[in-house]
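Peer 1: Can you keep this structure in mind? I'll have questions shortly.
The values are calculated or read from the model by the stated rules, or taken from the named source; none is laboratory data. Bear in mind that the values here come from a model prediction, so they are computed numbers and not experimental data. Here the Cβ positions follow ideal geometry from the backbone for every residue, glycine too, while neighbour counts run over all protein chains shown.
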Amino acid sequence: MDCRKFHMPELQIMKRSPTLRVVTLGALIVIASTAYARDIGFDDMSFFVTSIGLGKGGDLGGLKGADAHCQKLAENAGAGNREWRAYLSTEIEGGRGESARLRIGTGPWYNAAGILIGANPTDLHLYNRTITQYTALDENGKQIGARDETPPRHDILTGSQEDGMSFWPDDEDQTCNNWTSSDKGSAMVGHHDRYGFGNLSWNSSHQSISCSQADLIRSSGDGLFYCFAAD
């Protein structure tokens with residue numbers, strides 16, 4: 001694993017000797033992730049990024065269609081013994097829609113390599129530093145293209161705030177019309193690689209240009225989203 005690809009500031013840490021050693025934050029994440037790794041098969045996997053989208057931009061067939069896509073990909077990878085849910089929020093007029101945080105169970109969640117992604121919803125949202133380019137694997141255990149790779153695919157659809165909750169209704173569409181639009185509107189996306197400009201959140205970085213597949217690709221996305229085992 002080439003930790004030089006982490007585009008984050010360097011930190012200084014004190015070893016047992018008085019000598020200060022400079023270690024990249026990326027290296028610290030890898031070390032910490034390894035400490036929480038366990039040997040699992042794909043049937044024990046409980047988190048992944050979709051390797052492919054549905055090809056229709058923000059039109060995922062609503063939450064039902066997105067959940068079905070998670071389930072299908074998990075089954076193809078040998079992890080179909082779980083109940084899979086898409087990490088997506090919705091919006092409703094005059095209130096709050098369904099929240100991604102409340103759709104995915106209580107954890108813990110592990111990726112295909114056995115690395116702990118989040119012990120519980122609070123750990124996943126409030127303290128999370130585990131989701132990175134090297135841990136946000138797809139259902140086959142492969143990395144998703146980061147912003148500086150070709151093709152870049154780091155914009156991950158969520159429609160969510162950083163705490164995993166849905167947005168309060170306002171004048172801006174954050175969910176591609178509740179995941180049914182393939183042209184008008186926009187969606188909140190996160191950066192699975194924690195790389196980009198501004199907010200580097202894994203689940204709430206910025207809005208998409210529009211909901212079309214072409215615009216999602218143009219802004220370094222591909223209509224991908226996170227899937228979690230809810231059981």
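Peer 1: Yes or no: GLY196 out of contact with any helix residue (DSSP H, G or I) (no Cβ under 6 Å at 6 or more places or on another chain), of a type in the set (Gly, Ala, Ser) and at pLDDT below 95?
Peer 2: Considered against the rule, which asks whether it is out of contact with any helix residue (DSSP H, G or I) (no Cβ under 6 Å at 6 or more places or on another chain), of a type in the set (Gly, Ala, Ser) and at pLDDT below 95, GLY196 comes out as yes.
Peer 1: Only one residue in TYR127, TYR110 is surrounded by fewer than 18 Cβ atoms within 10 Å (Cβ to Cβ) and either basic (Lys, Arg) or at negative phi (or both), so which one is that?
Peer 2: Just one listed residue meets the conditions, TYR127.
Peer 1: Say we look at segment 130-183 and pick out the residues that are among the hydrophobic types (A, V, I, L, M, F, W, C) and more than 20 Å from ILE52 (Cα to Cα); which of these is surrounded by the fewest Cβ atoms within 10 Å (Cβ to Cβ)?
Peer 2: TRP168
Peer 1: Among the residues of segment 142-154, is there at least one that is modelled with pLDDT of 95 or more and farther than 23 Å from MET45 by Cα?
Peer 2: No, that holds for no residue.
Peer 1: Quick one: would you say GLU98 is out of contact with any strand residue (DSSP E or B) (no Cβ under 8 Å at 6 or more places or on another chain) and assigned by TED's automatic domain parsing to the domain that holds ALA187?
Peer 2: Yes, satisfied.
Peer 1: Go through segment 192-220 and count every residue that is over 21 Å from ARG103 (Cβ atoms), surrounded by 24 or more Cβ atoms within 10 Å (Cβ to Cβ) and over 12 Å from the mean Cα position of the chain (by Cα).
Peer 2: Within segment 192-220, residues that are over 21 Å from ARG103 (Cβ atoms), surrounded by 24 or more Cβ atoms within 10 Å (Cβ to Cβ) and over 12 Å from the mean Cα position of the chain (by Cα) number 1.
Peer 1: Take segment 47-63 and flag every residue that is part of a strand (DSSP E or B), in contact with a Phe, Trp or Tyr (Cβ under 7 Å, 6 or more places away or on another chain) and within 11 Å of LEU224 (Cα to Cα).
Peer 2: Hit for segment 47-63 is VAL49, nothing else.
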